[in-house]
1. Step through the table entries 101/146; 17/101; 34/146; 109/146; 34/120, compare each Cα-Cα distance with 25 Å, and write down the pairs that go over it.
2. Report P(r) for segment 1-144: all Cα-Cα distances, bin width 10 Å, range 0 to the bin holding the largest distance, values in whole percent.
3. Roughly to the nearest percent, how much of the accessible area of segment 27-142 is carbon and sulfur, given a 1.4 Å probe?
4. What figure, in Å² to the nearest 10, do you get for the accessible area of residue 43 with a 1.4 Å probe and non-protein molecules left out?
5. Going highest first, how would you order 166-172, 32-38 by mean Cβ packing within 10 Å?
6. With every protein chain present, what accessible area does residue 87 have (1.4 Å probe, heavy atoms only), rounded to the nearest 10 Å²?
7. If packing is taken as the average number of other Cβ atoms within 10 Å across a peptide's residues, how do 62-72, 130-140 rank, most packed first?
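The values are calculated or read from the model by the stated rules, or taken from the named source; none is laboratory data. Small disclaimer: the values here were computed from a predicted structure and weren't measured. All Cβ positions, glycine included, derive from the backbone under ideal geometry; neighbour counts span all protein chains shown. For accessibility, only protein heavy atoms count, side chains too; no ligands or nucleic acids. Shrake-Rupley method; radii C 1.70, N 1.55, O 1.52, S 1.80 Å.
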Amino acid sequence: MKKSDLVLMDCRMPLTKEQNIRLVHILRSIGFLKQREGMERFYRYAVRILMNPTPDLIHTIQSERAKIGPSRYQIGVHARCGGMLSDVPESRAMVTPSILKTIPRRVKKLIKGSKIPKRKVYVYLATDSSIAFQQLNRSLSPIPVKSTSLYSRGHSENIVVHEDSLRRSIIELYLMASSKSVLLSSHSGYSRGVILDPTKRDSSIFVSL
């Protein structure tokens, strides 16, 4: 399998409300979920399990963390653009050009409400769009905007998933998860994977795009 092309297709049927309730009951009964946890938390756990990095990728993530800087000074932004803004164009657009223009204002609001020292704060940006990165880098200056340069930009929801894009997505997921504050794309399952333990971040500053 390691030398074969792998095609992933999502053939799941959406669950009904009753099926969701029954599934949550089962997950709680076997101890996978705590009594107050529901499907949203299940999806976050599932994303982390499915995207568990290999030992060599763990080393890469640790190296990137050391290069980017301490996570305690990091504001995380996930701008899942899709559409024609994406480096891999697709039919569905999430963060459109008009929404993209609002991100600098939202990020500055997060910074203002954060406990991070203003002279040390920086933004870690995970995005499928080089255009979005360049635009936000200009708009947020002099606030540093950082991103991994490893592998190619893309996303993990294509019918054919490229290994480079998947590796980059895993690296960014773990780098984003340690942010003190995050700005997320509300329609992205990837963003749900970032918020695994909100108690480790500043309170009341989760914003969706």
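1. 17/101; 34/146; 34/120
2. 9, 24, 30, 28, 9, 0
3. On segment 27-142, the fraction of accessible area on carbon and sulfur atoms equals 56 percent.
4. Its accessible surface works out to 90 Å², give or take rounding.
5. Top to bottom by mean Cβ count within 10 Å: 166-172, 32-38.
6. 70 Å²
7. Packing order, densest peptide first, comes out as 130-140, 62-72.
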